[in-house]
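Step one of this worksheet: look at the structure below.
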Amino acid sequence: NAGVTQTPKFRVLKTGQSMTLLCAQDMNHEYMYWYRQDPGMGLRLIHYSVGEGTTAKGEVPDGYNVSRLKKQNFLLGLESAAPSQTSVYFCASSGTSGLNEQFFGPGTRLTVL
Amino acid sequence: GDSVTQMEGPVTLSEEAFLTINCTYTATGYPSLFWYVQYPGEGLQLLLKATKADDKGSNKGFEATYRKETTSFHLEKGSVQVSDSAVYFCALVIGGADGLTFGKGTHLIIQP
């Protein structure tokens, strides 16, 4: 049982490049989330999904897009990376309600030069 | 909007010392409250939670009580160990679908 996995673990981009972060969970969870973690800021919600085919904006959605084509996968895209998007990105999932425990992936460390 | 305020670190203690990490919140509704822990190089793990007033969450010797009257959820442990060194996050959630609202995190360092 792998839980929540994230690909890649590390990435360095140049300004203007694009990339996609992949999150996968094997717990059959309905809810999935993308957060970013910055020093002194805690974690902030980027986008979330309450089920396959649905997505919604969180606190800091600008510059990101997401897709949930399959229940087990939640993709985070950066179309034109900016240095302000240098951060550690965490994916999380939870069962039938966001009130339940959220299970976090190990994170992706992204640097935009 | 909803927010969580917690003491920022680093907090440095000696092994076997008593730990308190303060957490207070503001919320438009009736939140559930959580403490998450992040060990170096890892993702966050749920430490404990409480879903209604006066509930006490506990795990691995850590405790926190949901105090509605003071809008607080302070984390305590009677005797810390070096292995407790980590970053601790207080968080809340209101709606069933919404993501967690986190505090900024408290870096705890336990010295032998």
Space enclosed by the convex hull of the alpha-carbon atoms of segment B:1-80, per residue, Å³: 107
Note, ³J(HN,Hα) from phi for segment A:31-37, Karplus 6.51, -1.76, 1.60, rounded to Hz, x at Gly and Pro: 9, 9, 9, 10, 10, 10, 10
Losing no less than 50 Å² of accessible area (probe 1.4 Å) relative to the isolated chain, the residues of segment A:81-113 are A:L99, A:E101, A:F104
With the 1.4 Å probe rolled over protein heavy atoms, chain B has an accessible area per residue in Å² of 45
Rounded to whole Å², per residue accessible area for chain A with a 1.4 Å probe reads 47
Sticking with the crude label model, points 7 Å out along Cα→Cβ, report the distance from A:E59 to A:S80 in nm, one decimal please. 2.7
With both partners inside chain A, how many of the DSSP beta bridges are antiparallel, as a percent to the nearest 5? 90
Quantify, in whole percent, the carbon and sulfur part of the accessible surface of chain B (1.4 Å probe; protein heavy atoms only). 48
So if we plug the beta-carbon distance of B:K68 and B:S3 into 1/(1 + (r/R0)^6) with R0 = 25 Å, what FRET efficiency do we get, rounded to 0.05? 0.95
Using amide H atoms built in the peptide plane, which far-off residues or other-chain residues are under 5 Å from B:V11 H to H? B:H107, B:L108, B:I109
Please compute, for peptide B:101-108, the average count of beta-carbon atoms on other protein chains lying within 10 Å of each residue's beta-carbon. 3
What's the total accessible area buried between chains B and A, using a 1.4 Å probe, rounded to the nearest 100 Å²? 1600
Considering all alpha-carbon pairs of segment A:18-113, what whole percent are spaced by more than 22 angstrom? 21
Rounded to two decimals, what ratio of Rg to Rh does the protein assembly as shown give with C-alpha atoms and a Kirkwood Rh? 0.97
Place a point 7 Å from Cα of A:M27 in the direction of its Cβ. Which residues in segment B:45-80 have their backbone N less than 20 Å from it? B:45-52, B:57-60
Computing the accessible area with a 1.4 Å probe over protein heavy atoms, can you report the carbon and sulfur percentage for chain A? 53
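The values are calculated or read from the model by the stated rules, or taken from the named source; none is laboratory data. The structure displayed is predicted, hence computed values, not measured ones. Because the Cβ atoms are built from the backbone with ideal geometry, glycine has one as well, and the counts that use them run over all protein chains shown. Accessible surface is based on the protein model in full, side chains and every heavy atom, while ligands, DNA and RNA are left aside. Shrake-Rupley method; radii C 1.70, N 1.55, O 1.52, S 1.80 Å.
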